[in-house]
Structure formats: structure tokens, C-alpha cells
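The values are calculated or read from the model by the stated rules, or taken from the named source; none is laboratory data. Since the model is a prediction, treat every value here as computed from it, not as a measurement. We place every Cβ from the backbone using ideal geometry, glycine too, and count neighbours over all the protein chains shown. These area figures cover heavy atoms from the full protein model, side chains too; ligands, DNA and RNA do not enter into them. Shrake-Rupley method; radii C 1.70, N 1.55, O 1.52, S 1.80 Å.
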Amino acid sequence: MRKDSIKNTFVSIIVLTFIHTTLGLYERERGQRDWKIENLGEIVDLKFIENSNLVYTISSSGLLTLFDTENQKINWKKQLPKLDNNEQYQLKYLSRNLIVHSKSRALMVNSAAHVIYDVHLDGELSLGVPQDSHLAVEIFEQGGHIYSVFAKDYKVIIYRDYQQVGSLEYTHFDTGKSLPDIKPLSMLFDRQNHELVLLAKVMDEKVSSFIIDVSKQDMQEKQSILITTQISNVYRTYMHFIIHDSTSNKALVLKATDIEKQKELDNIVEIQVSNINDIVTLTDKQGKHSSTDLGHSSHPGNTIKIESGCHMQRAQESENIESISKPSDHFVISVVCQDKLNLLQINDRGSVSNLYESHGLTLSNHGQLLRLFRNGNDHIIQFQDLSLHFIHNNLKIRWTREESLSLISQVEVLEQEKAVIENDLDYVKNINQDVSINQIPFRILNRYKENIQYLINQIHRFLNQNQNKNQQPGSIMSDGLGVTFGFKKMLITLTEVGKVLSLSSIDGSVLWQKYFGSLESQRPVKILIRNLLEREIESQPLVNQQVVVIQNDRLSFLNPFTGEIVQTYDTQSTDQQDYILIQLKSRGQLVLQLNQQSLSDGTPLNVFPKNTYSADVMDGENIHFTLINHKDRSIVGYKLRQDLTATKLWQFKLDGSNNERVLRIETQFQTQSQIDHLHFQPTSFSGENLIFKYLDSNIFALVTLNDKDDIHVYLINGVSGRVVHNYFEKKVRLDLPIDLILSENQLVMSFSRQSSNGLAQQEISVTELYNQRQEADTKKLLLDYYKGDERLHQHLFSSFTQESPVIIQETYLLPYTVKSIVLTQTLHHIAGKSLIVISYPQNQVYQLTHNFFSARRPYPENMALVGGQAEEKKDGTLQLKDTEKPPYDAVIPVDSTKYLSYGLDLVDLREIKAFPTRLESTSQVLAYGFDIFFTRVSPENNFDLLQENFNYALLFLFIAGLAVATYMIKRHVEKKSQTTNFLLQ
């Protein structure tokens, strides 16, 4: 009896543990599992706000933010327009008034993100303005007012506090006549004489200074000099102008009060200045650095000693009232070497003191230092890899941000986490080892021990989560559940600055990062994730995958969980080369190097890793690949032989007479590492019949463009070279986004078409492919399946014998512009698909359910209403229109409840990917660009999730009741059996 009681208790604990595991996927977690990464990008200017933790930042892409350095929160952000990629915004800050300006626009913004005024400077210009436009800006306090002055070509615009008070033109000081051909160079407020001085180029060889009286709204020329050097850059210090000629490497120092030539400098290639003092740092052609104080001619220049191979950058100071009331007598520089970083403070006499030293912020880890921003003892540093570091009080790094995530060029997905791989591999390795008969009982006991330990861990997890439930209501899912349901992935990202980062799909945290370099010769061009061969797993059993980083002349293989380089191979860089993964029957993968020369000569191709390859690895393999040759406008299909030479099987030539060229290639895989060719036969219903999807993972989509700007779409079988389907789209707007996705039997393309009224209309074209056969008798189909009918258990597949599909196609209009699209992915390809789009320019992630964008929506004129039911007319042919779907309507309306990003302020989302999980109902969606957004979607609702109002207490009582009832019945049967035995004796 006691053994039975222990057994029942043990079973009850296991049941309760299972219930709790299911509880971990509670529906209230929906919406709380989304995460986003808001980036600051490459910061070109930054201003600290006095007496606060807030800073203003402006990025190279024109994103203005108010950022909290205490909690790394972006309080608000505003995307400013850019006329071209060369347009850059700068910041001028004074007493909580922020001026943001470029060459064509200036606006004042307060700390609450309100735009006080917005001046489009191009609109202020007169006719005949030179195309090479110039702008000078200054902000200062005078008479209790804040003045903002903009000198733009022929005009000077004056704002006092928050409104424009005047607009002036340049005049000659003795004649009062207007001056022609004016190019403003720089402007500063002379605090000694309380004058606003404007430096401008007049004619070709004349530079003049103008005194602007903002209170009287008057401007007069004061002095002028002749210069013979070219003007490449103009710098301003506290009381000086510096004109630099980058061609002759000469610099001319002018005193702002009277434009007197104070000093001429030779052999200068770089000048770094600050507005809060007159100390200038100079770099000559030999790479030597020095500093000189222009405000004290008695102070000699000081040499700044920098070790060979190190990089120096001067700190940019904030320009608030407290810091510019008088010039400072020191400046700060950063010196970055291969093994350390130093922040050095140098005064006007050349005395140096070390403020901070770090052995983690180095050239090898982060590249050269781009910019250094300083406010007292606080420093914000950004390196060439766009990593951003905040050093607080010269003591320690408070936080680090990976701003290279604003420039993601490629994303790959690693499906498993380290712990799962280690456990699985160890178990498989141990279970397959031969053991003696004496060791078999110990092996069984060990398995029991592992199961008991697992039970104990689950109980501990249950208790811990109950304790933290009130403290962390929306906490991140546990690692175990994330792995169990396939939510826990590693997102391996390649950025444009040459950095590879690994992100967790649970919360977006950076797991590891590796910087390869930003130079073209260093920057990776592609990353792949390969499965190791069995012989490799035996030598390193804790890892079964690798990240392959491809550079122009090198391949690096990384541990996917630490980012450490395992091995490298030097390669020869050629113009036409690429790298692809080849899948072996053993599930292992090799990296194949493709180059046009080897394919033309018939010489063997290279595979990597070389130390794992042998001839027997390719024995019996059937590997095909396709190469795009842009020079001769051809697409060529090859088959790889065992000796690694390639046989040309087919060739597809584009129409050269219309200048047809490749615009886009799209395969059936979300990433470049997904190459598993699975051939299965999911079905769909057509009335009471079953129809089969046309599934061939060897098909790819080719989009071409001709001289008439017509788009031609081909569906080509990559093995046989057969064109499965093709169609045209005319009057496509090439200046607006075009995207397409090919998944299973669906091809969806989004584009904008030029309408008859001259406006662009957003369209999506949906093409679906089906097999020609159908099953009318479902009962017979099931019986044939259980009997093992060959047509239902066929595992062999050939692209050469595949029949032509039945094509159905529709086009829909959308009331918003689409930037990028993706179809959701599920593990077993059972659940329906949703179309996830990025709307433009709102940068919102929106979900379209399959019923609305399906090509199988029936036409209303071909349907008859019978008893309120829509029934399609039958003509004996294969019916592809689905009467269960809503009737066809050309316009797909907007459903506000389908915004996955629910109004988040996301910046410049460019690409979107979808990945399956181990729950058939759920897909993961990643949208990335400047910002990153990640979420989970359920295209056909959560059919494998528990509902929000699920009654766990009732389930527990029911199980407890069953246990009690079982125990009572058992006791009753035993008692009755004892009574019967007693009476029969």
C-alpha cells in the first residue's frame, strides 16, 4: 500500500509540473514578448543639457533625439528630411534653446520636441543665387534675449527669442550699395565688443568681415583682405577664424575683431578646434600632432606626443552659457591604440594629465575613434564600429550601445541555444557508445537520476516563478520554455561597418560581437551558418554549427555561442566570385567558393573547411546550383561532380535587344543559410475536394527590367532550367519600393504603378501554384494512405519529371505604400500564412490575413447565393476558387487592429523576415532598418495556446477528483475482493 501511495504522489507531481510548463505559455504573454531596439545611429553632433542627464543627438541620417544618459531611454525623436545623402545637420545650443541646421534648413526645438520655428533657407534666397550654397549660423544672448542669426548666401535672417525680427542684405561700409557674389563662411559673437562678426567671401580673392547689429537690424562691412589660397574649410574658435586649404595644406589664422592675419601655418592636413577657447590642435603631413593657443601669442606651440599606430581625436565641448562666458584654458583629447585608450587633458601651456585609461576600448576591438563629446567629467565616445560608450566622472564606463545595429545588411538565424545543443550532443554521444554488460544497470540508473533531477529543477523553477510573479509581471520567458517552444533563437547580424553581432530573440540583448574592420578589404560581404560534419562534431562535441564570415580575401569560422574565431582560410579575391552552402545527405554542410574562371575552365572549385573535406564526402551527392552572369545577361545552371568540377546543365539568356537586365532574385528561403530542400504535399480544400499545392523548393523567382521600365517576372526551376511561369507588370514606379517573397506555392510582389491620373497606386500581385490532380473521395484517400498506396507515400522527387502547375493570379490595391513584405513561416507548413508588410513612410508593421490577399478569393459574378451560402458554379474543371473566402474586392481595407507595431515610433524600417517556431500556430517576425522590431504572430489564432480565462483551478480539482475517485474505487474493489474471498473459503 505504501508503495502505491508513493507512486501516486510521484505521478501527481509530474502532472502538476506538466501543467505548470503549459502555464508558461499563457496567452497574457502576447504583446509582452515584443521587443524593439531604438538606435541613435552614427552621431555627428551632440549637446549636453546643463544640470541634467539629457543630451541632444543628431545622426548622419538626420535623426534628432533627446536621450537620457541615466537610463538609455530616448525621450523623443524626430526624423528630419534630407535633400541628398551629403546633407548633414549640425547643432547649436544655448540655455535650453537648440538650433538644428543644414545648408538648406534651420529649426529651433525645445526640450519638449516642439518646433518653435522652421526656416527653409532656400525659400529666403533671391534669384541668381549660386548653386554652391553656403550657410553660417550663430546663437548668442544679448540684452536678455536669445538671438539666432542665419547668413544664407545673399540674405541674413535674424530671430529674437522665438520670432523673426529682420532680414538684411550685405552692404558696403562706405557706399551703402549691395555687394554681389557673397558666400558666407562663418560667424561668431565677439563677447568683448558685443558684436556679431560675419566672415564672407566677396568676389574670388576677397574675404570681408561684416558687423551685424541685431538690435538695430543693421549690417556693415568692417574690413577686408585679399587671399590667394583656396578655401576648403573654415573653422572658428572662441575669437578667431581659420581658413584651411586642403590642396596646398596651408592654413591662415584671422583675428575676428579686425580680420588681421595673425598667423600662417604650412604643412597642415588636419585642424581640430573648439568654440569655447582659442587652443587649436594641428596635424601635419608627417602625422605629428601639436597644439597652440591663438589667444596668447606669448605661449609657444606644444607638441602632443602620440605613439606610433595610435589615433588621436579632440573632444567636442558643449556650448551652453556657463561654459562660454570666458574661454577655457585646457582641452581634452582621446588617444586610441591597439591595446588601450587614454583620455588626456592638456592645458594652454602643454601640461598633460591622464583622466581615464581603458584596455577594452582599443583599435583592434572597435577601430578608430570617430567622435568624442565632453561635458565636465562626462564623456561620450563613438568608434568606427559605431559602438557608443558613456564614461561617467572619468571613472568607469556606465553603459555601451551597439549603434551599428542601425546599419544591418544581413540576418541569419541559429535555431538552438548552447545549453540544448550541449545536452543533446552529450546524450547522443553517450547513448551510442558501446558499454559492457556490467555497465548497463549503471546506465539505466543514471537515466533515472537525470529524470529525477529534471523533476527537481522544474519544481524549483515553479517555486521561484511564483515568488517573482508579483515583482516582475511581464518578465521574459524562462530559457527552458523559450527553447522548448522554439522561441529562443540567436539572430546573427552583419552590419555595414564590418561588425558581426549575435542577438537573443527573447529580448534583443547582444550575446556577443566581433569587429572585423571598416575598410573595404576588411569588411565582411556575407555571413553563413553551416552545420558541421559528423567528423567535426566528434572533435568538438559541444558545437554542431558554425558562423562563416566571408571577406574579400578571407574566410573565418566562428563559434556561434562565443563569437571566437575557430579557424581562418586565406582566399584569392576575384571580380566574379560568391560563396554558397552545399547540403550533404548527412545533414552536414560545406562552403563552396564559386568563381567564373574555374567554371569556364572546368577546374575544381574550392570547398571549406579544407581540413574536413575528402573525396568520400561527395560520394552519391546530387548538388545543383545557379549562377547569375550580369555581363552577358545569362543565368546558368550547374551540377557539382564528386571531383568538385561543375557541369553546365542549362542556360537562360535575357533579351539583349530591349536591354533586359536582372533587377532581383528571390529564392524560397528567408536567409542565405536556409538550404534544406524538403518536398512535401500539404493540401487545401476546394469545396469537398482536396487539391495539392505545387511545391518545389528548387524554384526561384527572377525579376528583370527592360528599357521601357517594364518588369518581367520568371519562375524558374533551378535544377532543370524550365520556366514554370512568367508574366509582365507595366508602368511600374521604379523610384518607389519594390519587393517580392516566394514561399511554398505562393509568389507575392508589391510595387507601385503609375495610374492614369499621374498618381502612384500601391499594388500587390499574388500568384499561387497547384498540382493538376485532386482527390474527390476523402474516405478512399485515407484508406489508400493506411494501405501504403505509392502515390501517397512517394518520397522520391525529380524536377525533371514534375508536371506543369495550374496557375491562379490576382492583383489587389492597398491604401498605403509598402516598403517590404514577408510571409509567415511555420514548422510543419500546416497553418495558413499571413502577409506581414512594412508601411511607408509610417514605418509600421502590419498584418494581412490570408483570406484577404489570397488569389483564391471567388469573383462575386461567378457565385450564386443559395440559402445564404455562397456556392461556386461547377463546370467539371479543377476548382481553385474557395467559396469560404470573402468575395474578391480590388481594394484591401485597413484594419487598425492588425498593426503589430501598435503605433510605435520606429525609424526607417527597411527589411522584414519571418521564422518558424515549434508551435505550429506561431511565427516570429523581425523588422529591421535604423530601428529593430521583433514580435510573434499567430496567423490562424492560438489554436495550440491556452486561453486567457483558462480555469487552472478547475483542472487541478478535476485531476485531484480523479485521483481520489481512483483511490476510493481501488479500495472498494480490494475490500469487495477480500469479502468475496472470505465468504468462499
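What the table shows:
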item	result
Residue match in the range 923-933 (condition: in a loop (DSSP other than H, G, I, E, B), at pLDDT below 85 and within 26 Å of ILE506 (Cβ to Cβ))	no
Residue that is nearest to the chain's Cα centre (by Cα), among those in the range 827-842 that are open to solvent by less than 80 Å² (accessible area, probe 1.4 Å) and of a type outside the set (Gly, Ala, Ser)	ILE838
Close pairs from the range 834-853: first touching a residue at least 12 places away in the same chain (Cβ under 8 Å), partner in a strand (DSSP E or B) and among the basic types (Lys, Arg), Cβ under 6 Å, at least 6 apart	ILE838/LYS819; TYR840/LYS819
Residue selected from the range 911-922 under the condition buried (at least 16 other Cβ atoms within 10 Å of the Cβ) and of a type in the set (D, E, K, R), by the criterion modelled with the lowest pLDDT	GLU920
Complete set of residues in the range 526-567 that are of a type in the set (Val, Ile, Thr), modelled with pLDDT under 90 and more than 17 Å from MET490 (Cα to Cα)	ILE537
Some residue of the range 772-788 being in contact (Cβ under 8 Å) with a residue 40 or more places away in the chain and within 38 Å of the chain's Cα centre (by Cα)	no
Filter result for the condition that a residue is basic (Lys, Arg), within 24 Å of ILE408 (Cα to Cα) and out of contact with any helix residue (DSSP H, G or I) (no Cβ under 8 Å at 6 or more places or on another chain), over LYS36, LYS47, LYS92	LYS36
Residue ranges of strands (runs of 3 or more DSSP E) in the range 569-637 with at least 2 members open to solvent by 20 Å² or more (accessible area, probe 1.4 Å) and on the phi < 0 side of the Ramachandran plot	577-583, 623-629
Qualifying residue in the range 794-809 (condition: part of a strand (DSSP E or B), at pLDDT 85 or above and either touching a Ser or Thr at 6+ places or on another chain (Cβ under 7 Å) or among the small types (Gly, Ala, Ser) (or both))	yes
Test for ILE665: is it open to solvent by 50 Å² or more (accessible area, probe 1.4 Å), at pLDDT 85 or above and part of a strand (DSSP E or B)	yes
Residues located in the range 738-773, provided they are touching a Phe, Trp or Tyr at 6+ places or on another chain (Cβ under 6 Å), open to solvent by less than 40 Å² (accessible area, probe 1.4 Å) and part of a loop (DSSP other than H, G, I, E, B)	ASN745
Selection count, the range 899-910, where residues are closer than 21 Å to ILE408 by Cβ and either open to solvent by less than 40 Å² (accessible area, probe 1.4 Å) or part of a loop (DSSP other than H, G, I, E, B) (or both)	8
Among residues of the range 544-568, those that are open to solvent by 20 Å² or more (accessible area, probe 1.4 Å) and either assigned to a strand (DSSP E or B) or in contact with a strand residue (DSSP E or B) (Cβ under 7 Å, 6 or more places away or on another chain) (or both), counted	11
Test: ILE225 is surrounded by fewer than 18 Cβ atoms within 10 Å (Cβ to Cβ), hydrophobic (A, V, I, L, M, F, W, C) and either touching a strand residue (DSSP E or B) at 6+ places or on another chain (Cβ under 6 Å) or assigned to a strand (DSSP E or B) (or both)	yes
Residues (open to solvent by 10 Å² or more (accessible area, probe 1.4 Å) and either without any contact (Cβ under 8 Å) to a residue 60 or more places away in the chain or touching a helix residue (DSSP H, G or I) at 6+ places or on another chain (Cβ under 9 Å) (or both)) located in the range 485-503	LYS488, GLU496, VAL497
Number of positions in the range 347-400 that are open to solvent by less than 10 Å² (accessible area, probe 1.4 Å) and either part of a helix (DSSP H, G or I) or within 23 Å of ASP45 (Cβ to Cβ) (or both)	17
Residue list for the range 145-173, filter: open to solvent by 60 Å² or more (accessible area, probe 1.4 Å) and either modelled with pLDDT of 85 or more or in contact with a Phe, Trp or Tyr (Cβ under 8 Å, 6 or more places away or on another chain) (or both)	HIS145, ARG160, TYR162, GLN163, GLN164, GLU169
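Yes or no, residue by residue, for (1) outside any strand (DSSP E or B); (2) surrounded by fewer than 19 Cβ atoms within 10 Å (Cβ to Cβ); (3) modelled with pLDDT of 90 or more:
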residue	(1), (2), (3)
ASP84	yes, yes, no
VAL100	no, no, yes
SER111	yes, yes, no
ASP118	no, yes, no
ASP122	yes, yes, no
